[in-house]
1. Against the condition at positive phi and either touching a residue at least 12 places away in the same chain (Cβ under 8 Å) or in a loop (DSSP other than H, G, I, E, B) (or both), how does Gly322 come out, does it pass?
2. Restricting attention to region 733-779, which residues are β-branched (Val, Ile, Thr) and more than 20 Å from Ala811 (Cβ to Cβ)?
3. So, in region 545-578, exactly how many residues are modelled with pLDDT under 90 and under 21 Å from Lys502 (Cβ atoms)?
4. So, of the residues in region 427-477 that are part of a loop (DSSP other than H, G, I, E, B) and of a type in the set (Gly, Ala, Ser), which turns out to be least open to solvent (accessible area, probe 1.4 Å)?
5. Select the helices (runs of 4 or more DSSP H) contained entirely in region 533-628, then report the ones holding at least 1 residues which are acidic (Asp, Glu) and under 21 Å from Pro479 (Cα atoms).
6. Among (1) modelled with pLDDT of 90 or more; (2) part of a helix (DSSP H, G or I); (3) under 36 Å from the mean Cα position of the chain (by Cα); (4) of a type outside the set (Val, Ile, Thr), where does Gly481 come up short?
7. Which of the following residues is of a type in the set (Val, Ile, Thr), within 14 Å of the chain's Cα centre (by Cα) and open to solvent by less than 20 Å² (accessible area, probe 1.4 Å): Val308, Val293, Val337, Val279?
8. What pairs can you find where one residue is in region 735-753 and open to solvent by 40 Å² or more (accessible area, probe 1.4 Å), the other is aromatic (Phe, Trp, Tyr), and their Cβ atoms are less than 8 Å apart, with a gap of 6+ or different chains?
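The values are calculated or read from the model by the stated rules, or taken from the named source; none is laboratory data. Just so you know, these numbers come straight off a predicted model, no measurement behind them. Glycine also receives a Cβ, built like all others from the backbone with ideal geometry; neighbour counts cover every protein chain displayed. Side chains included, ligands, DNA and RNA excluded: accessible areas come from the protein's heavy atoms. Shrake-Rupley method; radii C 1.70, N 1.55, O 1.52, S 1.80 Å.
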Amino acid sequence: MDSANNIKDTSTPKRRRLSKTEIVRLTKFSQESNSLVNCSPIRSVINEDEVGVVERCDSPHLPCNQVEFLYESNNNGSYSDIRCSPANLTNQLSQCQSLSVQSEKLSENNKQTSGINQNTGILQEIEDISDDMFDSKLEQSVHNHEEKKFIDEIEESFDLINESITNLHDAMKNKSDLFETRDSFLLDIKESCVEGHTPNVDQGKVIGKQESFPSTSFYGLPLITKGLFKTYRNIEKFYDWQEECLNLNAIKKRQNLIFALPTSGGKTLVAEVLMLREVLNRKKNALFILPFVAIVQEKIWSLSPFAVQLDFLVEEYAAGKGHIPPKKRRKKNSIYVATIEKGLALVRSLIELNRLNEIGLIVVDELHLIGEKGRGGTLEMLLSTVIFTNQDIQIVGMSATIGNLHEIAKFLRADVFQRQFRPVELVEYVKLGNMLHRIQWGEAGVEVIPDRELVYDYSAAAVNLDPDLLGGLVSEVVPDGSCLVFCPTKRNCENVAALLCKLQRREMTSHRTSEREALERGLRAEGASAELSRAVRYGVAYHHAGLSSDERVLLEHAFRSGVISVLCCTSTLAAGVNLPARRVIVRAPFVGTALLSLGAYRQMAGRAGRAGVCSTGESIIICDARSWLQLSDVLRGGLAPARSVLRGGLHSLLLSAVALGLATSVQKLRELLQCTLLAITENDENWSLDSICDDVVQSLVKCGALEVTKSPTFDSSPPSDSAHVHSYLNDDSQLTVSKLGKAAIKGCMDLSVARQLLEDLEVAARGLVLMGSLHLLYLVTPHDAASLVRPDYRHYYSLYCNLDEEGVQTARVLGITEMNAVRMMTGKAITVGNKSVWYCIPRGTVQSVMASSSAFASCGVRFCSELERLWAFGALLAELAPRLQHCADPGLAPLMELPAVKKARALQLSRAGYKRIEDLAKASVDELMSGVSHLSRTSANQLISAARMMLIEKVENLRAEAEDVMEELNA
């Protein structure tokens, strides 16, 4: 160690000097050779006398009741000698074990060096690339050692930046408030860190495909994960079925698996453990597919604290967010949380770059959506493509409502794990007249047993106002409990909320009045209707797609916290938002005008009762005698099977397979179709899959999306006459994709959508109006949005009359004239003009269309990049997409990048002084709670973790770019 002590007396050129980190770590180690006291790498770099003490960041508390949730330890040691963060202890131990090797290298380098500048910052070393890195190949070998050392210094600098962002070391200095624990817990952590912390492929031994893990780990994960689940999820112990599932042979051998349990049975927790194993142990990325943007953001929010403390990344792929293709990372692994559409785009981009092997696990929540029109076909394309590539990617599916599990399992080549477990008992009722009947599920089907007669102290006027006794059913559980009322339509939600406001008792109206007043002010600031603002005074609100996202977020937070006791909502909330309640009331057995399905009913009823929230759960469906006869037949019929809906999307599947090089012949395309659910669920004797494949290929060739490059029928190139394509197309014909087809695949669009976009862009190219954004907005608004509404022609005419110059010019380009506007208003037939530009829709629907437009603009950028003549539109749409994503003051845009942070929350944070992600990342929980009203400690913790996660992701993006540059220089 003498060489280390003399380092400060040496000198060397700037580019070849030893990094400051290595020197300080070596010196520290020589002074504390056998101790872990104060071994933080952050502390060893930062000189507190020079730069001041690093601001302390409060971290979330972990539990102290180890007897209940940690495995028992017979050790009775003291923790007085252990001051390092358990989350980082393993890193420190590994660093200490490698210091002897480092010291030998430093000794060799010390012979060549004669000085060092210790006042230079860590980040400045990134700029130390000198011209000799561009020497000839003969001279390059001389510098290989220095270049490797330089790259190592860059890597170490990035690691130190990440550690300083996480900033857990200062929180650990004085008996950390992160772990308020007894001796046994610290001893367990120490033992786990030495023997089992962050188990990897070498440590979690692999026999073939089967993995085994150290007995000291937590289901194959670092033991600290157990504390994190307690802190952030209030989970002390796994259910028996979860332990059984995690120890299945299918899991150990990494086989595909479907597990089906009722709603709120704890399926997601098992999926999270599997994803954590993938990124921490196997060092592979995981893809988590979720159905809605709101759920994606909620999951990003909840996983961020785990990512910060376990050293992996969580990346959002929803709406306009996410890098396509994903950044290639060499030091960290990621969990990609994506919607179905974004997940398909991500997978295709990885296949194109031959990087699909970076993903080791795909988890699909709500797997039954594979049978739903629209998104179901997209999900089937994604899974079929992954199966066809045969890249040893494990697929795990979850659902509570699949009627044909055996067929879905055959499609996924998966085992099935099925249980009927629910942690909180659900009691189901049907209200017929004034009698409440209990629903019993048995082998014979559904039976109803009279339970009690409903008698409330209604006045005669109240009986006339509420013949279904909704007010009485609600008052039985509120305000102490919560109640969800599912209604068939948006309008019915509003009417039922107004009715319940009139029927509420005094104790309901006096409950948490100050918080309700604050909520009312917040809703008014968001432009909420007077009816909704008045309703929250009574603890009642309605929730549907007509509300803006900020309004919905405010109401969801208020319901979770108990400020709102009753929420009247549509059926979409059952699958789209995690809002458990003490009682669920289904106002009528209809969704819109259609009779309720068993799957939809179970989704709604499953919201009643949730472990850790309610001790019991009740669901009540209100029916008249006629409706009950219809509904009981549906309930007895069982869950509907999930049938393939891919037939309408076969063009996109086959086109993408050719474009990505997965299948470039007709025979290979037929093999691909054999990997689809369509091949299993559609067994009609009147058609064959091969003939369907041939028909689709022929139609793609005729329309110019596919081209035949070689066919055994012809010695030279096939004839260009597309009318006789069947004459030269056979099993061995080699196919390639046209420019338009490539652009469609690149933009993740259906071919028909790509054609429509190309047509719109070609029209715009001849007369694009750039006095504002109106013309660009038209270009990126999905055409199917027009099918959502019926135009209000009178309102349309009034808007047309008030158009400014930009609007008039845009209307003229789109073929809209004053004559057309007059004919619209008078109800006469319109002979010219594009009907897709007639809109008059609610704010919430506008916002939904705007989110779709933002995503479509991002797709349009990739579409234009494949067609050189459209480069200008690509530049315009690239700027438009983020503006549509936020639609707020540009100063709020950085804060709105945080998951689930909408305009209202961003304004709160900005007014409290948190104007940047960096401000949030270094805030303490108490400071954030005091500065932002109605923010719980859990939410504050998650917000800070999400901010840190975003900063770490940015650092990792820079690291990836730096590594790419170095690879190019060494190529």
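1. The answer is yes for Gly322.
2. Thr736, Val737, Ile745, Val753, listed by residue number.
3. Selection size over region 545-578: 0.
4. Ranking the candidates gives Gly433 first.
5. Because the criterion is at least 1 residues that are acidic (Asp, Glu) and under 21 Å from Pro479 (Cα atoms), the helices (runs of 4 or more DSSP H) in region 533-628 that meet it are 549-561.
6. It is condition (2) that Gly481 fails.
7. Val337
8. Lys746/Phe863
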